[in-house]
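The values are calculated or read from the model by the stated rules, or taken from the named source; none is laboratory data. Worth saying up front: this structure is predicted, and the values here are computed from it rather than measured. FYI the Cβ positions are ideal-geometry reconstructions off the backbone, even for glycines, and counts take in every protein chain you see. SASA here: full protein model, heavy atoms, side chains in, ligands and nucleic acids out. Shrake-Rupley method; radii C 1.70, N 1.55, O 1.52, S 1.80 Å.
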Amino acid sequence: LQNYPGYGQVILLKYTSPEFALFYDLLKIINKDTILGKAFFGSPPFGNQILTFSMARKYHADFMTEEDHEIIYDHHARAPKDTEVVGRWTGKLVSDSALTPTVQVFTYTKDKMGKLQMQYVFGGLLRGISRVTLTPEQMNMYDFTNWHDEVKIVSNDFMVGKWCSPWSEIPLNFAPSFLSTETEESKGRSRLCLRFTLRRNW
């Protein structure tokens, strides 16, 4: 920390890479989980401010990134029981490190035989029914496409999932920005996934 004219106690962050040599940041620590920052172009202390930003270690799930989603899915969620998912859930996509507005509605019910099924509405237009399979690892859902959903439950009212393509041995290095790429290096294959969150609506 150092005293900086007009800003008080801040951290002066300079970049060592040549392409960023004309930029620097001033960081002010608010608490152990929050930092406010200002980015400048030029040489300190005479640079011109170009933007302000904040950094947080704790934030609401509505601000999760694709990396956050992956960590929650892999380490903080489990396969749901059929009794835990019955009802309507609204979904948002986690894409480009941002959460979209509600774009999907999943309604889980049981048929006359007591088997779990799911009716979906995507984008307010596309409707269908998915076959639901519960495994020890996750809940899988299959419709008329060759892609399928994989969902895990985090809490009574919150689930995380992803809609994934079939595994392929063809490298998928040029996926659209709204899709993430998953790889299984041991098997030499990869697939594309669209990540989403689900919240219980009733």
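Against the list (1) loosely packed, with under 13 Cβ neighbours inside 10 Å; (2) not charged (D, E, K, R); (3) not in a loop (DSSP other than H, G, I, E, B), the condition residue 114 fails is (3). Out of 41, 53, one residue alone is under 30 Å from residue 72 (Cα atoms), open to solvent by 40 Å² or more (accessible area, probe 1.4 Å) and at pLDDT 90 or above. It is 53.
Regarding residue 65, is this residue under 30 Å from residue 181 (Cβ atoms), modelled with pLDDT of 90 or more, β-branched (Val, Ile, Thr) and under 23 Å from the mean Cα position of the chain (by Cα)?
On the way: under 30 Å from residue 181 (Cβ atoms): yes; modelled with pLDDT of 90 or more: no; β-branched (Val, Ile, Thr): yes; under 23 Å from the mean Cα position of the chain (by Cα): yes.
In short, no.
When 109, 197 are checked against the criterion of being in contact with a Leu (Cβ under 9 Å, 6 or more places away or on another chain), closer than 24 Å to residue 61 by Cα and either assigned to a strand (DSSP E or B) or among the small types (Gly, Ala, Ser) (or both), 197 stands alone in meeting it.
This table checks each residue for (1) of a type in the set (Ser, Thr, Tyr); (2) in a strand (DSSP E or B); (3) open to solvent by 50 Å² or more (accessible area, probe 1.4 Å).
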{"site": "140", "(1), (2), (3)": "no, yes, no"}
{"site": "144", "(1), (2), (3)": "no, no, yes"}
{"site": "149", "(1), (2), (3)": "no, yes, no"}
{"site": "163", "(1), (2), (3)": "no, yes, yes"}
{"site": "170", "(1), (2), (3)": "no, no, yes"}
{"site": "173", "(1), (2), (3)": "no, no, yes"}
{"site": "181", "(1), (2), (3)": "yes, yes, yes"}
{"site": "187", "(1), (2), (3)": "no, no, yes"}
{"site": "190", "(1), (2), (3)": "yes, yes, no"}
